[in-house]
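Take a look at the structure below.
What follows is calculated from the coordinates using simple rules that are stated; it is not laboratory data. All of these numbers come straight from a predicted model, not from anything done at the bench. Quick reminder, even Gly has a Cβ in these numbers, built from the backbone with ideal geometry, and neighbours come from all protein chains shown.
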Amino acid sequence: MLAGPLSPHREDQAPGPALAAAAAGFGTPAYLMDLPAVAAAAARLEAAFGGPWLRLYSLKANDLPAITSFLHGRGWGASVVSTGEWRYARAAGVANDSVAFEGIGKSDAQLGFAVTEAAAGRPVRWLALESGQEAAVLAGLAAAAGLGRDGRPSLDVLVRLNPEVAPETRPEFAVGARASKFGMSDREILALAGDGALAGPRLRLRGVQVHVGSDLTDVRAFGDAGVRATRLLAALRAARPADAGWLDTIDFGGGFPLPAPGMPGPEDFRDALARALDRAGRALPPRPAIEPGRYLVGAAGWLVASVLHARPGTGGAQLVVLDAGMTEFIRPALYRTRHPVSAVADGPGNQAGSRLLDTAVEGPVCESTDSFGRHLLPPLRRGDLVAIGQAGAYGASFTSRYNGRPPPREILLWPDGSMEPGERPPLTTGQASTSRE
Ligand SMILES: Cc1ncc(COP(=O)(O)O)c(C=O)c1O
């Protein structure tokens with residue numbers, strides 16, 4: 001651990017001294033995760049979604065256990081989409097009753113693990129079903145394990161609704177659109193609620209999960225989807241009067257964008273939902289939930305990289321190749337997202353205040369899409385440090401080993417200014433496969 005304290009910084013500014021210290025202490029490329037910035041984002045969400053709201057952190061945004069643990073310490077549960085993420089949540093100290101097991105496709109082994117844990121008296125808070133086939137397999141496993149009998153608990157399930165809305169975001173993130181693969185239609189769900197899979201004590205239908213999309217630039221689809229989910233919950237209660245007491249939950253998903261001028265904040269989404277429900281003559285269910293990822297960690301993370309070479313550019317004044325690229329941070333290559341890039345003024349050789357040049361910022365991977373785009377940067381030389389901002393979400397958890405590249409370091413910057421590398425437990429191949437746990 002490197003000892004602090006480092007001077008405080010504004011949330012929207014690259015913490016130059018900390019980035020330089022992380023690079024000097026641990027090498028590059030490295031992610032720096034600023035826990036005070038995570039706390040600030042969490043506090044805003046907690047203020048917007050207080051009271052009855054359950055708050056779950058979507059680990060997919062950044063699955064480093066120390067971050068999940070930090071949020072869990074503030075009362076956040078975990079939303080996981082695989083037994084691998086579940087393992088990370090456990091490593092973070094999150095007990096199963098604070099874990100929601102979700103995800104678009106679950107293997108028999110993964111469903112079986114959820115059942116085994118429930119049979120051992122440790123059921124997850126809920127498991128979200130994506131299809132009737134998944135429900136049938138889970139019901140069979142739960143019956144074989146005797147869930148809901150002889151003192152063994154039932155396993156709570158939600159059904160994931162495709163809300164068929166028009167999410168205001170880039171098409172790749174518009175998972176609440178009808179054409180997407182995510183979730184079932186309300187017709188499918190009502191049919192599922194009437195068939196045998198969800199009958200009996202082994203599985204207990206608790207409600208509906210819905211997620212509109214990520215990085216939403218407007219609040220309307222969030223409100224529309226919320227109305228559809230509450231209508232569906234009412235229809236499920238009417239269809240299953242004996243279970244009406246249990247049908248109390250709607251998980252409204254995540255999707256809140258990072259703070260930026262003109263972008264809606266978490267409280268705008270809450271208010272839009274309240275207005276939409278009011279107009280539709282509906283109310284929040286007794287147990288509403290959110291499961292954001294990006295908002296909690298996106299602005300809190302920087303990827304610090306070293307310049308490998310800099311030379312005159314063809315289209316611009318300068319072309320630099322960094323020691324970080326799409327293997328460390330895939331979003332610009334995958335989605336053409338633009339992230340702020342700045343020189344770390346406290347790094348070796350970097351001159352604060354020098355003139356800025358139109359610079360093509362490139363990665364070291366053998367792909368022409370391996371680019372961070374054009375940015376205004378000072379003249380750079382080999383060894384200078386560059387920071388890519390808003391990299392805390394869908395960055396470190398989305399790395400690949402292409403070109404033989406090892407995972408980047410992940411450094412935690414704690415509130416007291418100290419830094420240490422984050423650790424994660426190893427995953428086995430079986431956790432992602434259909435055959436073995
Ligand atoms: C079902 C579900 N919930 C929550 C999230 C988290 O979204 P975000 O990181 O935009 O808050 C996602 C992201 O893909 C998701 O698919």
> Given the options ASP156, ASP218, ASP195, which has the most mean-square fluctuation in a GNM of the chain, springs set between C-alpha atoms less than 10 angstrom apart?
Replying inline: ASP195
> In terms of the Cα gyration tensor, with a ≥ b ≥ c the square roots of its eigenvalues, is the range 7-110 rounded because a/c is under 1.5, prolate because a/b exceeds b/c, or oblate?
Replying inline: oblate
> Once the Cα gyration tensor of the range 103-290 is diagonalised, what are the square roots of 5 times its eigenvalues, in whole Å and ordered largest first, as equivalent ellipsoid semi-axes?
Replying inline: 30, 17, 14
> If you rank ILE330, ILE67 by fewest surrounding Cβ atoms within 10 Å, what's the result?
Replying inline: ILE330, ILE67
>> Just want to confirm a number: the relative contact order over the range 66-189, from Cα pairs under 8 angstrom separated by 6+ residues, in percent.
In response: 19 percent
> Taking other Cβ within 10 Å of each residue's Cβ, how do THR314, THR399 sort, fewest first?
Replying inline: THR314, THR399
> What is the extension gain from ALA235 to ALA144, computed as 0.36 nm multiplied by their sequence separation minus the C-alpha to C-alpha distance, in nm to one decimal?
Replying inline: 29.8 nm
> Given labels modelled 7 Å from the Cα in the Cβ direction, how far is it in nm from ALA244 to GLU188?
Replying inline: 2.8 nm
>> Rounded to the nearest 20 debye, what is the charge dipole size of the range 257-336 about its Cα centre when +1 sits on each Lys and Arg Cβ and -1 on each Asp and Glu Cβ?
In response: 220 debye
>> Using the Cα centre of the range 103-290 as origin and beta-carbon charges of +1 (Lys, Arg) and -1 (Asp, Glu), tell me which of TRP126, GLY253, PRO153 is placed farthest towards the positive end of the dipole.
In response: PRO153
> Which whole-number percent is the relative contact order of the range 103-290 (Cα, under 8 Å, 6+ apart)?
Replying inline: 19 percent
> Viscosity 1.002 mPa s, temperature 20 °C: Stokes-Einstein D of the chain from its Kirkwood Cα radius, in µm² per second?
Replying inline: 94 µm²/s
> Sorted by packing (mean other beta-carbon atoms within 10 Å per residue), highest first, where do 15-27, 413-425 land?
Replying inline: 15-27, 413-425
>> Tell me the net charge near ALA78. Cut-off is 15 Å between Cβ atoms, ALA78 excluded, with +1 for each Lys or Arg and -1 for each Asp or Glu.
In response: +1
> Using alpha-carbon pairs under 8 Å, 6+ residues apart, how would you state the relative contact order of the chain in percent?
Replying inline: 22 percent
> So what's the gap between the Cα centers of the range 93-162 and the range 186-213, to the nearest angstrom?
Replying inline: 13 Å
>> Placing unit charges on C-beta atoms (Lys and Arg positive, Asp and Glu negative, everything else neutral), compute the dipole magnitude of the chain about its Cα centre in debye, rounded to 20.
In response: 480 debye
>> Using the Cα centre of the range 103-290 as the reference point, and only Cβ charges (+1 on K/R, -1 on D/E), how large is the resulting charge dipole? Debye, rounded to the nearest 20.
In response: 460 debye
>> Within a 10 angstrom radius of the beta carbon, how do VAL321, VAL212 rank from fewest other beta carbons to most?
In response: VAL321, VAL212
